[in-house]
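Here the structure is laid out as structure tokens; the discussion comes afterwards.
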Amino acid sequence: MALRPVQVNIKALDDSAIGRFWAEALGWSAYRPGVTTYVGPVGGFVWPDPVAVGINVVPVPEPGTTTKNRVHLDLATTSAADQAELVARLEALGATPADVGQGDVPWTVLADPEGNEFCVLEPREVYRDTGPIAAVVVDCEDPQAMARFWGGALDWTLHQVTDDQAVLRSAKGVGPYLEFLRRSGAKAVPDRVHLDLLPYPGDDKAAEVARLRTLGATDLDLGQGDVPWTCLVDPEGHEFCVLAPS
């Protein structure tokens with residue numbers, strides 16, 4: 001039994017506009033299979049076995065806060081010129097520079113048109129084969145505890161665990177990394193960005209959710225009512241959802 005991350009869920013006032021932004025940013029396509037906007041590789045919306053970790057932009061009536069999201073995307077580049085060109089293109093699409101206290105670093109911190117932070121990385125060999133999304137990055141207080149929980153929750157391979165960082169990636173060696181980085185301060189407000197997980201075809205969703213609870217997940221009531229997905233939080237309070245295969 002295992003789960004896999006299949007999409008990064010982003011809340012937005014204007015899901016169509018934010019979906020278009022991310023589709024153009026990543027060189028992917030935006031689809032509207034229902035009430036949300038899904039962004040994934042060109043070729044169509046594939047469910048229940050998506051070929052990549054995509055982005056699902058969900059419309060909400062409330063704007064975001066000024067508090068930094070504890071989950072963000074890192075985008076990959078292949079050269080210094082590619083990094084500069086990508087930053088310029090993203091700003092032309094509506095991204096703005098963001099100061100999250102990063103200081104003098106070789107990567108560029110931006111925010112999408114609704115203020116969700118992300119990073120455009122300088123070229124790094126480790127991300128040469130990830131595709132446009134190098135990593136989904138989660139701020140946390142205890143990377144080792146996150147490694148225990150998420151290592152047990154997912155079928156992804158644990159690549160690194162230290163006091164400051166835990167790194168996982170698909171056992172197939174494709175797609176983005178999932179990285180937990182030590183940051184001071186406990187989670188204080190709900191995030192506009194979170195991970196959605198999916199059982200494999202034929203696996204039992206209820207059994208997977210029960211297994212997550214034994215690992216330390218707890219239920220989350222956002223007023224979602226009777227829906228086919230289950231909202232949970234990990235031991236540090238990061239929200240995530242377990243989707244239904246159908």
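In the range 223-246, of all residues being in a loop (DSSP other than H, G, I, E, B) and without any contact (Cβ under 8 Å) to a residue 24 or more places away in the chain, the one that is farthest from Ala206 (Cα to Cα) corresponds to Gly223.
Among the residues of the range 211-222, those identified as on the phi < 0 side of the Ramachandran plot and assigned to a loop (DSSP other than H, G, I, E, B) are Ala217, Leu220, Asp221, Leu222. For the range 174-224, a tally of residues being of a type in the set (Asp, Glu), touching a strand residue (DSSP E or B) at 6+ places or on another chain (Cβ under 6 Å) and under 12 Å from Ala244 (Cα atoms) returns 2.
You will find that of Pro132, Pro113, Pro63, the residue that is surrounded by fewer than 13 Cβ atoms within 10 Å (Cβ to Cβ) and in contact (Cβ under 8 Å) with a residue 12 or more places away in the chain is Pro63 and no other.
Determine whether Pro235 is open to solvent by less than 40 Å² (accessible area, probe 1.4 Å) and out of contact with any Cys (no Cβ under 6 Å at 6 or more places or on another chain). No: the conditions fail for Pro235. Against the definition (at pLDDT 95 or above and assigned to a loop (DSSP other than H, G, I, E, B)), how does Thr66 come out, yes or no? For Thr66, the condition - at pLDDT 95 or above and assigned to a loop (DSSP other than H, G, I, E, B) - is not met. Lys172 meets each of the listed conditions (1) without any contact (Cβ under 8 Å) to a residue 12 or more places away in the chain; (2) part of a strand (DSSP E or B); (3) not aromatic (Phe, Trp, Tyr) apart from (2).
The values are calculated or read from the model by the stated rules, or taken from the named source; none is laboratory data. Note that the structure is a prediction, hence the values are computed from the model and not measured. Methodologically, a virtual Cβ is constructed for each residue, glycine included, from the backbone with ideal geometry; neighbour enumeration extends over all protein chains shown. Accessible surface is based on the protein model in full, side chains and every heavy atom, while ligands, DNA and RNA are left aside. Shrake-Rupley method; radii C 1.70, N 1.55, O 1.52, S 1.80 Å.
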